[in-house]
Amino acid sequence: MLKKIALEKFGHLVSAIMEKGPLYAPVKGGKAVDFQEIRNPADVTLDFYNTAMSPKFVFFPQSEDMIRYSLGKEATEAEPVSLNAKPSVILGVRPCDAKSFEIMDRHFLGAGVIDPYWNDKREKTTVIGYAFDPSTAADPADFYNTLGISASDTAGSDIFMIRTDKQLLFKGITEKGDRLLKDLAVLEQGSKTEEKMFDDMAKKSSELKTRFMEIKDDAIARKFVQVFDNKEFWEKATAACISCGACTFVCPTCYCFDISDETLFRDGVRKRFWDACMFTDFTLEASGHNPRPRIFQRYRQKVCHKYSYHVDKYGCISCVGCGRCTRSCPVNIDIYSIIESASKL
Amino acid sequence: MTAMKKIEENLKKEAKRLLEGGEVSVVLAYGRGYDENHPVPFAARKAEDADSLVFNEYCTFNLARYLPKYPPKTKIAVAVKAADSRAVVQLIQEEKVRREDLVILGIPVTGMKDQKTGEVIDNKTTCNMANPVIHDILLGDEVHGFQGGSPYDVLAELEAMSEDARWDFWKKEFEKCIRCFACRKACPMCYCDPCFMDASRPRWADKSPTTDGHLMYHLTRFYHLAGRCIDCGECSRACPVDIPLYLFHKKLAKECEAMFNQAAGMKIEDKPAMVNYGNQDSDEMLK
Amino acid sequence: MQNPYIPMPVEVTKIVTEVETNDIKTFRLTFVNKEDEENFKYLPGQFAELSILGKGESPIGIASSPTQPGYIEFTVQRAGLLVTGLVTTALHDLDVGARMGVRGPLGNSWPIEFLEGKNVVVVGGGFAFTTLRSLIHYMLHEDNRSRFGDISVVYGARTPGLLCYKEELAAWEKRKDIKMHVTVDKGDANWKGREGFVPTVCKEVGPSPENAVTVICGPPIMIRFTLPVFFELGFAKENILTSLEMRMKCGIGKCGRCNVGHKYVCKDGPVFSFEELDRLPRDF
Amino acid sequence: MDFEPRILGIACNWCTYTGADLAGTTRLKYPQNVRTVRVMCSSRINPSFIIRAFQLGADGVLVGGCHPGDCHYGTGNLYARRKLAVTKKILEFAGMEAKRFRVEWISASEGKKYAEVVEEFTHDMKALGPQTKFKIKKD
């Protein structure tokens, strides 16, 4: 199903979606553009390259309440936080980020245990993907082409949106997407010409834009098993690393979290919240033993997790080449260069 | 040859000489990153590494940050710009590194640029000095007559605000925090292990990212850096969500200079400001 | 759908102080809801998350055996004051009758089917004996005993006062169907048993590798010195099993903390054979 | 109803706390809004205590120590003076009303001064109204 709307009517579309439920979309705030829950339709912007933070927080918020409790003298009263996400829409997700949702699904919904928090929000949310503009150059940090993602890849999107000179074209990818498209009366039916236009645009943006190298999931997974013990390589590659958590927090496929109880006077919440394998105390055991005390070991864990362990466990690389980690790194460590030099070893 | 290029040539030359002669076992400087505008901090350990050193207007990192992690008695050459040299001095004052272990390669330079925005940062996020306060070898010509205004000019707007407006400003900024700790990790003065934020008893701030916890973290960190912050601006450049931490640090540096008559990291002989107390202090500072 | 992050309510019904230093206690927990007890089906070697709201959760190996119905037991050491240890400290402050939470059972177990028909050598050190105690109880139960070959146990602690489960050890000593070798690093005036380190005792006992499996649990230093003894005796790597320890949070393979290579210790472990560990990166 | 501010007092064991005792034993009248925590020395006060107090709902924080030069430990309050001066600047720049944090040197014999300071500080806090900026808001 192909639908369309004129660019100047975009605001109407935003309002129409907001009537159906919460909408997450890119908003310009300060220097960066980031996804936010929209309060005012005029806030939404489509003029951005990619957001500073990944949209994973829509399904996996940085901090999420699990149990609310109240400590009493005699007994503690506790109430699990109920799961009742509203049907919502996330609009303007770049192809690499849309792909990241699929990768995260394999973790949160796979391996025998379904994560109820992720599942609740994920199944009720419609993802509207948004093609990278084929006429502008990619950011030098990006390498999504390497991970087999094109500038207009529809994987992970329920609806895919392409922007032309005068209008926005929407194509339903999944049933969920088609349903929403049908529901949005403000959209017009696309013609045969426009369908061809959509396909042409899609084809055009499958050309290489970002940094690229040939990698095969299994081969790279084996490679890192082999490189694992090459201490010299890792120390050199990560010599500048300052062990902050910026790369993992902006990453669309990092899912590590911590659980902690936080009490204020009597009342408290058990929450889970993002954690980073780059922090010193990530693996510090109560006994005082830390299996990964050195920075290179932690960085190695991050890279090997994405490119080796994840392949062994879930059958795909857990990286989409969005380049966020490289862009946000305070000391410009570039994961692409590390993969590249490791694969040459 | 531009001044930057000349510094780069000298950096390579001196690094090679120091490493070849065995005078130092490591040279902390800058190497090429994934493109020109994104250099990386680079530790040269062999003479041949020296060829891959670079210097350009984007080499903003404060390399003093890496000094405390080396075991004592490691001979280190470190390339420092003006603010970075103050960090080295401050670390020496705090006995985190020893002067005799260091060969300080001073870089007199102005016009450094922010990697994200390309703006010149001289008097904006750094201390607006051109020449290192200490050096063994100077890699370029000393800058004379550099006038960029006071490093504290950028504070004017915030200082003029009402308390309520300032609170609104900081509240909005702290709410952006994602607790990645890039600010503390990039800071040359944040070397505590463990940091007060990692302690579980007492737990000073919520472990989960709450706004109240952000407030506690940032205010306490500002306090820990009062009188010690050398105004290099690394915290703000490291921040992935662009919190202007440098403003707060600058304000405290300014106040500490006024109250304690001493700027951080200027003279090796100084005692760190917070422990340099005495009867001469006036109660006026508490008003 | 059952939310795997929500603990089940339990009541502390018995507390035993195991050692003279008072920092290791065994807690007997009884389920508040009958259906929770029925759902809590476990095997020796599995663990559970003990939850005290306001403090947090702590993953602890189950020390009781499924052959002891009606309750579950956990032996807990009060963890160091420097690092977290919030939960274990709070646990130690509990009295009989207190309510808390349990989430589990989690992880894999000692591979019972693999052990069946074989001689089992159980080697334990210090307080890491907990899930081994579970295994011994399980194997010695009258319904199960015939399924296993000879059972011998080498258990060591630093001093006699630091041996856990003293009464049970004494009871097992008297049995014919299990060979006990309890040792301490240094005895005291009342100690009549063996003295010596676990690796040395293992060497003296010298179990035959023929159709035998070793189950070993203890401090890293003990494991490091005991392993070569068993290799020398001729045990193959796949016949030496151990239980790994890693910092855990969720216990169900989601929080990404306890991985060694592509295995999550909380879900794919904690029990591994040394042959499996050999194939994983040295990251623990 | 009148607003009754909640004030955290942190008093050094040797001077201000004894001074407060003296105020009590000499039956001086002063507002009851200050709840006092005793510390061994004013230099023991971590600025995080003050931030935390505001977060937990204190409307004002009053710190009392020995007069400079009279510290039981020699130089504790000289150190505290610098620390607390910086703390004040931090609160001020973060947008907290500077008046809500006050440091006074009150010796063991100055029961009267203690009563006066408490009186004045309570009055100021009443005028300022409830502190809402740092206070943790429960949802």
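The numbers here are math on the coordinates, done by the rules we state, and not lab data. Owing to the predicted nature of the structure, the values given are computational and were not obtained by experimental measurement. Every residue, glycine among them, receives a Cβ derived from its backbone with ideal geometry; neighbour counts consider all protein chains shown.
Tabulated values for the structure
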| item | result |
| --- | --- |
| Unmatched cysteines, chain A - criterion: no other Cβ of a Cys under 4.7 angstrom | A:Cys241, A:Cys244, A:Cys256, A:Cys277, A:Cys304, A:Cys316, A:Cys319, A:Cys329 |
| Length released on extending from C:Gln2 to C:Asn39, taking residue separation times 0.36 nm less the Cα-Cα span | 12.2 nm |
| Hz values of 3J(HN,Hα) by residue in segment D:88-97 - Karplus curve (6.51, -1.76, 1.60), Gly and Pro given as x | 4, 5, 5, 4, 5, 6, 6, x, 6, 4 |
| Cβ-placed point charges (K, R +1; D, E -1), dipole of the protein assembly as shown about Cα centre in debye, nearest 20 | 380 debye |
| Degrees, to the nearest 10: B:245-260 long Cα axis against longest axis of chain B | 80 degrees |
| Low-density loop cleavage sites - trypsin sites (Lys or Arg not before Pro) in segment D:30-139, where at most 10 other Cβ are within 10 Å (DSSP) | D:Lys137, D:Lys138 |
| More than 17 Å apart - percent of Cα-Cα pairs taken over segment B:211-254 | 27 percent |
| Antiparallel DSSP beta bridges within chain B, as percent of all bridges there, nearest 5 | 40 percent |
| P(r), alpha carbons of segment B:3-138 - 5 Å bins starting at zero, rounded % | 2, 11, 21, 25, 21, 13, 6, 1, 0 |
| Descending semi-axes in whole angstrom, ellipsoid equivalent of chain A, from the Cα gyration tensor | 35, 29, 17 |
| Antiparallel bridges, percent of DSSP beta bridges restricted to the protein assembly as shown (to nearest 5) | 55 percent |
| Cα pair distances of the protein assembly as shown binned at 20 Å [whole percent] | 11, 35, 37, 15, 1 |
| Nitroxide proxy distance, nm - points 7 Å out along Cα→Cβ at D:His72 and C:Glu20 | 4.1 nm |
| Reachable aspartates and glutamates from A:Lys192, criterion Cα separation under 13 angstrom, eight or more residues apart if same chain | A:Asp200 |
| Degrees, to the nearest 10: B:82-93 long Cα axis against longest axis of chain B | 80 degrees |
| Flagged links, alpha-carbon separation over 22 Å, of A:Lys31/B:Lys172; A:Lys302/B:Lys46; A:Lys171/A:Lys313; B:Lys73/B:Lys250; D:Lys88/D:Lys135 | A:Lys302/B:Lys46; A:Lys171/A:Lys313; B:Lys73/B:Lys250 |
| Ellipticity estimate at 222 nm from DSSP helix runs (n ≥ 4, -39,500 (n - 2.57)) divided over chain A, nearest 500 | -9000 deg cm²/dmol |
| C-alpha long axis of helix B:163-175 to longest principal axis of chain B, angle in ° | 60 degrees |
| Segment B:153-276: Cα Rg divided by the 2.2 N^0.38 Å rule of thumb | 1.08 |
| Long-range Cα-Cα pairs in segment C:8-105 (distance over 16 Å), rounded percent | 52 percent |
| Cubic angstrom per residue, convex hull over Cα atoms of segment A:2-204 | 158 Å³ |
| Extent along principal axes [Cα atoms of segment C:98-249; Å; largest to smallest] | 43, 42, 33 |
| Separation in nanometres of the label points that stand 7 Å from Cα toward Cβ, at A:Lys31 and A:Thr164 | 3.7 nm |
| Chain C - Cys residues lacking any other Cys C-beta under 4.7 Å | C:Cys164, C:Cys202, C:Cys217, C:Cys258, C:Cys266 |
| Of the chymotrypsin sites (Phe, Trp or Tyr not before Pro) in segment A:211-302, those whose Cβ has at most 13 other Cβ within 10 Å and which sit in DSSP loop | A:Phe265 |
| Per-residue HN-Hα couplings for segment D:118-125 [Karplus 6.51, -1.76, 1.60; θ = phi - 60°; Hz; x = Gly/Pro] | 4, 4, 5, 5, 4, 4, 4, 5 |
| Loop-resident sites, segment B:1-73, for GluC sites (Glu not before Pro), counting at most 13 other Cβ within 10 Å (DSSP) | B:Glu23, B:Glu36 |
| Nitroxide proxy distance, nm - points 7 Å out along Cα→Cβ at B:His144 and B:Ala156 | 3.0 nm |
| DSSP bridge pairs, segment B:3-138: antiparallel proportion in percent, nearest 5 | 40 percent |
| Residue pairs, from the table A:Lys176/D:Lys137; A:Lys209/B:Lys116; A:Lys223/C:Lys237, whose Cα atoms sit over 31 Å apart | A:Lys176/D:Lys137 |
